[in-house]
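The values are calculated or read from the model by the stated rules, or taken from the named source; none is laboratory data. These numbers come from a predicted model, not from an experiment. Because the Cβ atoms are built from the backbone with ideal geometry, glycine has one as well, and the counts that use them run over all protein chains shown. Heavy atoms of the whole protein, side chains included, go into the accessibility calculation; ligands, DNA and RNA do not. Shrake-Rupley method; radii C 1.70, N 1.55, O 1.52, S 1.80 Å.
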Amino acid sequence: MTNEALQNNITKWFPDAEAAGLTFSEEESQFLNIDISPNNLIELMSKLKSNEDTSFDYLFCLSGVDWGEELGVVYHLESTLHRHQLVVKVRTPDRENPTLDTVYSIWKTAEFHEREVFDFFGITFTGHPNMKRLFLTDEWQGYPLRKDYEDEINMILK
Amino acid sequence: METTTVQSNFKSEEYFINMGPQHPATHGVLRLVLTIDGEIIKKVDPDLGYIHRSIEKMCERDSYQQIVHLTDRMDYLSSNINNEAVCLAVENALQLEVPDRVKVIRTIIGELTRISSHCLWWGVMGMDVGALTTYFYGFRDRELINDIMEETCGARLTMNYNVPGGLMFDIHPNFVSRVKKFVAHFKTKIPEYDRLLTNNVIFQKRTKGVGVLSKEDAISFGASGPVGRASGYSCDVRKYHPYSALDRVTFNEALQTEGDTFARYKVRIQEFWESLSIIEQLIDNIPEGEHRVPTNAVIKLPKGEYYQKVETARGELGVYIISTGTKNPYRLKFRSPGFSNLSLLNHIAVGGKIGDLVATMATLDLVIPDIDR
Amino acid sequence: MKYGLSIITTIHDWLYSVMPEWLAGLVEMILIALVYLGIFSIAGLFLVLMERRVAAWFQLRVGPNRVGFQGLLQTMADALKLLSKELTGTEKADKFLYNLAPYFVIVTSLMALAVIPFTKEFHAFDINIGILFLIAISSIGVIGILLGGWSSNNKYALIGAMRSGVQTISYELSVGLSLLTMILLTGTLQLSEIIEVQKSGWLIVQGHIPAIIAFMIFMISGTAETNRAPFDMVEAESELGAGFHTEYSGMKFAYFFLAEFINMFIIAAIATTVFFGGWLSPFGITESIPWLGVLWFLIKTLLLVFLMMWFRWTFPRLRVDQLLTLEWKYLLPINLVNIVLMALLVWGNLIIKF
């Protein structure tokens, strides 16, 4: 499916695009990018997976990103049936206690990837079966991949 | 492991053993916390991070040329392909068209790397199921590739041969003849591998029906590479998103449908043949030309997001770069194949014996630095 | 052995002339034990060397070839190194059992050597229940392994030890039954008489088909008895680290190691004695020179040892349930049928004799 067709399809699912925070963009990226508000994330993701026209059954990359003001997660999706690709982005402005919904129930690969994001960005995924540190020790202070993380001993800057 | 969660769902007939971080079957510093009832595995809980170097954070302060060097240290057995992934991502971002010669050489080197990685895997696979001799056979043939690499790239393990814009230097004059010699030699050795291990009754008994992964689960768990293809899930990046010179060669995607350990084994053996065929198609017509197009000394990627996937020996490696237009990436994420493949270990190993777990892990072909990036 | 024999007789006579009878007998026994101990701890070391060279040969390597001529002293040096190493162990180990285990293993394997006839005169302990004694002794070794695994307070060691118990108890049956098949043919348990019977043809020829089946079963279960690949469940280095001897070091580890090789030698020696005519030369070609019997015995035994090494360096390891399936579902029924077959053979006098 082409990016326009995808965009048309997905727009139909959310009559109130404004409230769902749904925006599309193809600038500065080789994929179609969708921004969605955290509240509608699960709804969008389940539809992307289950809808026959989209059928995004392969989550090939899940990355946490620190955008400065906001923390967020970028989902790279691919359909093994139609071979089209899509990027979904979700952001949360809460840096103290960021929380997002888990997509573990939709793609099982998210279990480890979300634990990695939790480990490095401190984003908690509600509904995740095993939300604990994966790489770092339990006593580790802070979240290393955040931009404001400082560690004078372990980090060599320039 | 914190003790509180452990005790709450612990039955008295079960017990824990720590497989790793120092254990012969984990091939590095992976630690698996196994819950076992007698010999039967009840739960596998991987504990990672023993050699985590936070390459992604390091990338945020490094220039793009430097990042290429870091990728060697991830999946060190497919270092050339890792290098290629970053270089391709940077070149795509810069809209840089590399010469045909570079593309062909990259593909040949990539396939040689794949063979050498699979050779090591084959040796270690045999060793994990108790046939120690295979290790030396695998290394015998891997050594020949290492020699070729040493001559051309100047290194045997961490090659650093690719740079954004091409190759660090041209191929060695002996390269073509040595690769041809290797291909002819290796064609006689794969049947030997089959005689020694594949056709062995004990080996087949140990691997058939063990660690079965269904196609749906393979996709859902993000399995890629031989692990996914053994479950009948056609996921070869070289087929679906061809890069370098892979769009001009014909090869079959190695596919099996059983999804068990033996199927994963057979996929890799089949890939030996496919890689040899790719090399054979390209080795005689390496185009003349430059081995590198000049780039700026300081590479600044235009603002935007770039994603490049390649097929390493272990599966799909993704490089996700967010650039803000400076000389360093704002965020760089490596989607490593081993990480996703490890996540399905618990799913397929539960219910098996300790011996099954070892055989299953051997065919997942985990490289720990690839997981602990 | 004429000359050698005369020395032994001289010593025997001399001892009995200077001491009271009971003391002389005791001293003689101790002397023989010391001689055996000396010979076989050295011989065991050379078996280790042989294994390493054979393994290297299979694996496109050279193997140890630096210490002494062609590495002949390599394992001696290794043994010296192990002697000088610190004996470590786990803190909460059951100290008494932990220390006892290696001796259990090494003593039982050395005991079994006593009844093996190297040649007509070189035979320390010729009892009329030789085979029974061998089977009984060789199964005690597993107690040492169980003790070692249990007392070291290590889960890997415990799993290894439990596997060993299961394995040895199962395969003991096959070893016993396959030897029983051959005893139908010889009609005696005494090893020297078993060899006498073979003067009219090795038993593997005399008993032809059932004997060959029995030999194959004996070699399979014998390999399992010694816990060697493809039946090395007990150690299974890729699964259990080092299995039951994970926590042993220094000389205690060396005892386990040496015992494995002596056990392998014993299994091969029993096979030689029972199936291949022991020290008898083929077609009696060197019957006039009795001491050459040792040579023939060693040649045959080492060939079988080589066969077991060949197994080890070629086959993958079985899984623990497959190991038991092989024994209880295949080897045991085949063995029972084979005994009936052999009985019919003996009853119908279908034996091939020269």
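Which FRET efficiency value, to the nearest 0.05, do you get for residue A:39 and residue B:61 by plugging their Cβ-Cβ distance into 1/(1 + (r/R0)^6) with R0 = 45 Å? Spell out each step's value before the answer.
On the way: r = 35 Å, r/R0 = 0.78.
E between residue A:39 and residue B:61, to the nearest 0.05, is 0.80.
Return the FRET efficiency for the residue pair residue A:105, residue A:17: r is the Cβ-Cβ distance, R0 is 35 Å, and the value is rounded to the nearest 0.05.
E between residue A:105 and residue A:17, to the nearest 0.05, is 0.90.
Residue farthest toward the positive end of the dipole of the protein assembly as shown, with Cβ of Lys/Arg at +1 and Asp/Glu at -1: which of A:98, B:301, C:279?
Value computed over the given set: C:279.
Test of understanding: express the Cα radius of gyration of the stretch C:219-354 as a ratio to 2.2 N^0.38 Å, with N the residue count. Write down the numbers at each step before the final one.
Working: Rg = 18.6 Å, N = 136, 2.2 N^0.38 = 14.2 Å.
For the stretch C:219-354, the normalised Cα radius of gyration comes out at 1.31.
Tell me the Rg and the Dmax, in Å, that the Cα atoms of chain A produce.
Gyration radius and largest Cα-Cα distance of chain A: 16.4, 52 Å.
Take residue B:303 and residue B:216, extend 7 Å from each Cα along the Cα→Cβ direction, and tell me the distance between the two endpoints in nm.
Each label point lies 7 Å from its Cα, and together they span 4.5 nm.
For the stretch C:90-347, give the percent of accessible area contributed by carbon and sulfur heavy atoms, probe 1.4 Å, rounded to a whole number.
Of all accessible area on the stretch C:90-347, carbon and sulfur atoms account for 76 percent.
So what's the back-of-envelope 222 nm ellipticity for the protein assembly as shown, counting only DSSP H runs of four-plus at -39500 (n - 2.57) apiece and dividing by all residues, rounded to 500?
Working: 35 runs with 453 residues, N = 885.
Counting only the DSSP helices, I get -16000 deg cm²/dmol.
If I model a spin label at residue C:325 and residue B:257 as a point 7 Å from the Cα along the Cα→Cβ vector, what separation in nanometres do I get?
It is 2.3 nm.
Using unit Cβ charges (K, R positive; D, E negative) and no other charged atoms, how large, in debye to the nearest 20, is the dipole of the protein assembly as shown about its Cα centre? Spell out each step's value before the answer.
Working: 78 positive and 97 negative charges, 455 e Å.
The calculation lands at about 2180 debye.
Say the dipole of the protein assembly as shown comes from +1 at the beta carbon of Lys and Arg and -1 at that of Asp and Glu; which of B:78, B:67, C:348 then lies farthest toward its positive end?
The residue sitting farthest along the positive end of the dipole is C:348.
Of all the Cα-Cα pairs you can form in the stretch C:1-84, what percent are over 17 Å apart?
63 percent
Could you tell me which helices of chain C pass both thresholds, a Cα extent of 30 Å or more along their own axis and a mean Kyte-Doolittle hydropathy of at least -0.5, with helices taken as whole DSSP H runs? All intermediate terms of the calculation are to be shown ahead of the outcome.
On the way: long enough: C:21-58 (54 Å, 1.63); C:155-186 (46 Å, 0.98); C:250-275 (38 Å, 1.60); C:292-314 (33 Å, 1.69).
Span-like helices in chain C: C:21-58, C:155-186, C:250-275, C:292-314.
Using a 10 angstrom cutoff on alpha carbons, build the Gaussian network for chain A and name the most mobile of A:66, A:16, A:101.
A:16
Might you tell me the accessible area per residue for chain B, computed with a 1.4 Å probe and given in Å²?
32 Å²
Expressed as an acute angle from 0 to 90° and rounded to the nearest 10, what is the orientation of the C-alpha long axis of helix A:41-50 relative to the principal long axis of chain A?
The angle comes out near 50 degrees.
Suppose we flag GluC sites (Glu not before Pro) only when DSSP calls them loop and at most 12 other Cβ atoms lie within 10 Å. Which is the longest uninterrupted stretch of chain C? Don't skip to the answer; put the middle values down first.
Details: sites that count: C:86, C:91, C:287.
Between exposed loop sites, the widest span is C:92-286.
For the stretch A:2-83, state which chymotrypsin sites (Phe, Trp or Tyr not before Pro) are in a DSSP loop and have at most 14 other beta carbons lying within 10 Å of their beta carbon.
Details: sites: A:13, A:24, A:31, A:56, A:58, A:60, A:67, A:75; in loops: A:31, A:56, A:67.
Counting only loop positions with at most 14 other Cβ atoms within 10 Å, the chymotrypsin sites (Phe, Trp or Tyr not before Pro) in the stretch A:2-83 are A:67.
How much length would be gained if the chain were fully extended between residue C:350 and residue C:13, taking 0.36 nm per residue of separation minus their Cα-Cα distance, in nm to one decimal?
That pair, residue C:350 and residue C:13, stretches by 116.6 nm at full extension.
Which of A:39, B:136, A:86 sits farthest toward the positive end of the charge dipole of the protein assembly as shown, with +1 on the Cβ of Lys and Arg and -1 on the Cβ of Asp and Glu?
The Cα lying farthest towards the positive end belongs to B:136.
Suppose every K and R has +1 on its Cβ and every D and E has -1 on its Cβ; what is the size of the dipole of the stretch A:1-52 about the Cα centre, in Debye to the nearest 20?
On the way: 3 positive and 9 negative charges, 58 e Å.
Roughly 280 debye for the stretch A:1-52.
Quick check on the stretch B:55-371: what are the equivalent-ellipsoid semi-axes from the Cα gyration tensor, as sqrt(5λ), descending, whole Å?
Taking √(5λ) for each Cα gyration eigenvalue gives 32, 23, 16 Å.
Label-point separation (nm) for residue A:5 and residue A:70, each offset 7 Å from Cα along Cα-to-Cβ?
3.0 nm
Once you compute Rg and the Kirkwood Rh from C-alpha atoms, what is the Rg to Rh ratio for the stretch C:252-294?
In the stretch C:252-294, Rg relative to Rh is 1.20.
How many Cβ atoms of partner chains, on average, are near each residue of C:315-327 if near means within 10 Å of its Cβ? Display every interim value, and only then the final one.
On the way: counts 11, 21, 11, 6, 14, 5, 5, 5, 1, 0, 1, 2, 0.
Mean shielding by partner chains, rounded to a whole number: 6.
Report the calculated FRET efficiency for residue B:285 and residue A:81 (r = Cβ-Cβ distance, R0 = 45 Å), to the nearest 0.05.
Working: r = 36 Å, r/R0 = 0.79.
The computed FRET efficiency comes out at 0.80.
Going by alpha carbons, how many degrees (0 to 90, nearest 10) lie between the helix axis of A:3-13 and the longest principal axis of chain A?
Helix A:3-13 sits at roughly 90 degrees to that axis.
Which value results for Rg/Rh of chain C when Rg is the Cα radius of gyration and Rh the Kirkwood radius based on the inverse mean 1/r?
Rg/Rh: 0.98.
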